[in-house]
Amino acid sequence: MAIYVDTSSAVHGKAGLGRYAANLARELRALLGDRLRLFQNSLGQRGPLEGWEGAPPEGVRWGYRAWRSIVWMGQELRVSMDGLLPGAELFHATEHLLPPFRQIPTVLTVHDLIFERLPEHHKFFNRHYLKAAMPLYCRRADAIIAISEHTKADLIALYDVPAAKITVIPEAAAPHFQPQTSQRVAEVRGRYGLPARYAVTVGTIEPRKNLSLLLDSCAPLFEAGSLDGLVIVGSKGWLTEGFFAKLSTYAQRDHVILPGYVADDDLPAVYAGAAVTVQPSLYEGFGLPLLEAMACGSPVCASGTTSLPEVGGDAARYFDPTDVLDMTTTMQAVLEDDALAAEMRQAGLERAASFTWRRTALETCAVYDRLLEG
């Protein structure tokens, strides 16, 4: 008998979802041993999970788009896919894609319902797929894990999911996110061409990240000499035309650095070298960069909306993401007060340490046990 965890998002490099699947699987391996097995679509084309020491993954060879359509239609038609995983005792869907198993208990992790709350920030076909499929997946799952209280509240409000069906289990920063030596920070700063005093924001470039207003809020900080640069770490996502059009006419364009994807081994030093980490998102299902930054000793300023205050707690400072002046003054207070910044660095380290992937895995195993015993 085996418990299967879908790690497709990790081998496909899907940013936050991939981090969740990879870190959870590695910690579950320590708890479940050979009882844990990996599931993956596009089998043979990508993967397996980097560094995986267990049995090779099982799954399907269809690519992501084909598999997504097959899963949705299978759920609509109530087709059983139990034959894909003979001997499975449970299946855990770690992204928003739940195959139609009939005799195999299922757990679905829901990261966010951004496509419901901010539909204009999603591509047309993806938005319509999720709006049609997610309510169905949530009904069919035997148990749901939400990564924040905010996501749980959205599930209840938008889909009328019973509260008893949802368990909130937060994410964590991976162990390599920790304070860095000055030598390591200098090495990484030189490699990516980062200025001496910079703000950093991390995440896929897309509209809900609110980067256009971040540019506006940083302009006075550049003029005052409080910041030398803004470093925007992340690959280009979707609907980015507005941001790049604004950036092309931005008066302080020379202060903005876009290194694109930064190697995961280098990211801790990028955080550690920052004068401040800023997360101006309009909506986050969790906000993992906040924990990563705090774990590396960076003071954090973030939107005081959705799930972000759950993550940052009292260690971060918050602003209204629709108010440019509020964003500027919040960052400025940290940048111009060394004592406050030092206090926030220490508080952030303590806050981040309270979130661990071992805790996430233990609480996830408890969901499995309740479901199997029930």
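The values are calculated or read from the model by the stated rules, or taken from the named source; none is laboratory data. Predicted model only: the values in this text are computed from it and were never measured. Virtual Cβ from ideal backbone geometry, glycine too; neighbours counted across all protein chains shown. Note: accessible area is taken over every heavy atom of the protein model, side chains too, but ligands, DNA and RNA are not part of it. Shrake-Rupley method; radii C 1.70, N 1.55, O 1.52, S 1.80 Å.
Could you give the angle, 0 to 90 degrees to the nearest 10, between helix 15-32's Cα long axis and the longest principal axis of the Cα atoms of the chain? On a 0 to 90 degree scale, this one is about 60.
Enclosing the Cα atoms of segment 119-180 in their convex hull gives a volume equal to 141 cubic angstrom per residue. Applied to segment 138-153, the Karplus parametrisation 6.51 cos²θ - 1.76 cosθ + 1.60 on θ = phi - 60° returns per-residue 3J(HN,Hα) values of 5, 5, 7, 5, 7, 8, 10, 9, 9, 8, 7, 5, 5, 5, 4, 4 Hz, with x for Gly and Pro.
Our coupling estimate for segment 295-300, obtained by passing each phi through the Karplus curve with A = 6.51, B = -1.76, C = 1.60 and θ = phi - 60°, is 5, 9, x, 9, x, 10 Hz, Gly and Pro reported as x. For segment 78-115 versus segment 213-256, the inter-centroid distance based on Cα atoms is 41 Å. Once backbone amide H atoms are built at 1.01 Å from N, residue 43 has 60, 61, 62 as its partners under 5 Å, excluding neighbours fewer than 5 places away on the same chain. By the rule of a C-alpha distance below 27 Å, with chain neighbours fewer than 8 residues away ignored, the lysines paired with residue 209 are 14, 123, 131, 152, 236, 246. Rg and Dmax of the chain, based on Cα coordinates, read 21.0, 64 Å. Residue-wise HN-Hα couplings along segment 52-67, as the Karplus relation 6.51 cos²θ - 1.76 cosθ + 1.60 with θ = phi - 60° gives them from phi, are 5, 10, x, 4, x, x, 10, x, 10, 9, 5, x, 4, 5, 5, 4 Hz; Gly and Pro carry x. Under 5 Å between amide hydrogens, built in the peptide plane, is the criterion, and for residue 167 it picks out 144, 145, 146 among residues at least 5 positions away or on other chains.
Please list 250, 368 in order of solvent-accessible area, largest first, computed with a 1.4 Å probe with all protein chains present.
Final ranking, largest accessible area leading: 250, 368.
Over all pairs of different C-alpha atoms, segment 37-115 has a mean inverse distance whose reciprocal, the Kirkwood radius, equals 13.6 Å.
Our summary gives segment 271-374 a relative contact order of 26 percent, counting only alpha carbon pairs under 8 angstrom and 6 or more residues apart.
Where does the Debye-calculated log10 I(q)/I(0) of segment 179-335 sit at q = 0.09 Å⁻¹, using only Cα point scatterers of equal weight, no solvent? Summing over Cα pairs of segment 179-335 leads to -0.24.
Using DSSP to define loop residues, name the trypsin sites (Lys or Arg not before Pro) in segment 1-95 whose beta-carbon has at most 15 other beta-carbon atoms within 10 Å. List each step's numbers first, then the result.
On the way: sites: 14, 19, 26, 29, 35, 37, 46, 61, 65, 68, 78; in loops: 14, 61, 78.
Listed in order of number, the matching sites are 61, 78.
Considering only 311, 183, 22, and ranking their Cα positions along the charge dipole of the chain that arises from unit charges at the beta-carbon of Lys, Arg, Asp and Glu, the one farthest toward the positive end is 22. Annotation: extensible slack from residue 80 through residue 363 equals 99.0 nm (criterion: 0.36 nm per residue apart, minus Cα-Cα distance).
The residues of the chain have, on average, 41 Å² of accessible surface per residue, using a 1.4 Å probe with all protein chains present. Calculated mean residue ellipticity, 222 nm, the chain: -13500 deg cm²/dmol, from DSSP H runs (n ≥ 4) at -39500 (n - 2.57) each, averaged per residue and rounded to 500. As a fraction of the 1.4 Å probe accessible area of segment 180-234, surface on carbon and sulfur atoms comes out at 49 percent.
For residue 90, the residues whose modelled amide H falls within less than 5 Å of its own, excluding neighbours fewer than 5 places apart on the same chain, are 2, 4. The distance linking segment 173-194 with segment 287-333 is 21 Å (Cα centroid to Cα centroid, whole angstrom).
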